Amino acid sequence: MARYFDIHPRNPQARLIAQVVAMLRDDALIAYPTDSCYALGAQLGNASAIERIRNLRKLDDQHHYTLVCANLEQVGQFVRMDNAMFRAVKAATP
């Protein structure tokens with residue numbers, strides 16, 4: 001069942017965020033706005049969600065997915081970057 005959450009960008013309601021997080025933990029998919037359209041998202045490591053996204057978008061099993069981080073510092077939890085690479089990514093990120 002689809003649900004719509006209208007979350008204020010500057011003053012998000014913690015109650016609504018908690019509901020979305022609970023749904024993600026229960027294997028839900030989300031659609032969220034990007035700068036050009038909408039993207040599908042799921043909890044990191046959720047293999048069934050990846051399969052559902054693959055089926056919805058008709059992707060092959062070699063498709064690369066995007067990891068969305070809250071900020072550039074969080075990227076360091078998932079990848080190793082030297083200083084030159086970090087500066088290049090930071091310069092190319094809004």
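Where residues in region 68-94 are of a type in the set (Gly, Ala, Ser) and either modelled with pLDDT of 90 or more or over 22 Å from residue 39 (Cα atoms) (or both), which of them is nearest to the chain's Cα centre (by Cα)? Out of the qualifying residues, it is 76.
Pairs meeting the criteria (first residue in region 37-53 and farther than 16 Å from residue 63 by Cα, second residue surrounded by 15 or more Cβ atoms within 10 Å (Cβ to Cβ), beta carbons under 7 Å, at least 6 apart or on different chains) are 43/24; 43/49.
In region 64-87, the residues that are among the hydrophobic types (A, V, I, L, M, F, W, C) form Cβ pairs under 7 Å with partners that are modelled with pLDDT of 90 or more, at six or more places apart or across chains, as follows: 68/41. Applying the set (1) exposed (fewer than 10 other Cβ atoms within 10 Å of the Cβ); (2) in contact with an Asp or Glu (Cβ under 9 Å, 6 or more places away or on another chain) to residue 14 leaves exactly one unmet item: (2).
Counting only helices (runs of 4 or more DSSP H) that sit wholly inside region 20-94, those with at least 1 residues that are open to solvent by 70 Å² or more (accessible area, probe 1.4 Å), within 20 Å of residue 3 (Cα to Cα) and in contact with a strand residue (DSSP E or B) (Cβ under 9 Å, 6 or more places away or on another chain) are 47-57.
The values are calculated or read from the model by the stated rules, or taken from the named source; none is laboratory data. From a predicted model like this one, the values you see are computed outputs, not experimental measurements. In this analysis, Cβ positions are derived from the backbone assuming ideal geometry, glycine residues included, and neighbour counts consider all displayed protein chains. Accessible surface areas use protein heavy atoms only, side chains included; no ligands, DNA or RNA. Shrake-Rupley method; radii C 1.70, N 1.55, O 1.52, S 1.80 Å.
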